[in-house]
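What follows is a short report on a single structure.
The numbers here are math on the coordinates, done by the rules we state, and not lab data. Just so we're clear, the structure is a prediction, and the values are computed from it rather than from any experiment. Cβ: placed from backbone, ideal geometry, glycine included. Neighbour counts: every protein chain shown.
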Amino acid sequence: MELVEFFIMGILFTLGVQAFAYVSIKVKMPWYAWAGLITGGLTFLFGIGWAGSSFIENVPQSGSLGLTVFCLPGLLLMVFIIRKYLPKGIRL
């Protein structure tokens, strides 16, 4: 079961890299915005991995705390950067 989780995370990582590559061609943002988006994405995936491993090992309290501590800040970081640096009215 754990192998399926990490296989799906690998697929999500690959799709995320492809999405970042596509968006980087369409949108011009400063380098620190891209660094923040990448950091937020990796933090989000780390939180999903932490939570999945914790749930598989029957430690659900650690899994839910991992979602709160890692996934939520990563998601908020990505949303705030997109809201601040993505030009208005852009179509991807």
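Quick notes on this one:
- Residue within region 50-58 that is out of contact with any strand residue (DSSP E or B) (no Cβ under 7 Å at 6 or more places or on another chain), exposed (fewer than 11 other Cβ atoms within 10 Å of the Cβ) and among the polar types (S, T, N, Q) present: yes
- Test for PRO60: is it more than 16 Å from the chain's Cα centre (by Cα) and either touching a residue at least 60 places away in the same chain (Cβ under 8 Å) or on the phi > 0 side of the Ramachandran plot (or both): no
- Subset of region 5-44 [surrounded by 12 or more Cβ atoms within 10 Å (Cβ to Cβ), free of Cβ contacts under 8 Å to residues at least 12 places away in the same chain and of a type in the set (Val, Ile, Thr)]: ILE8, VAL17
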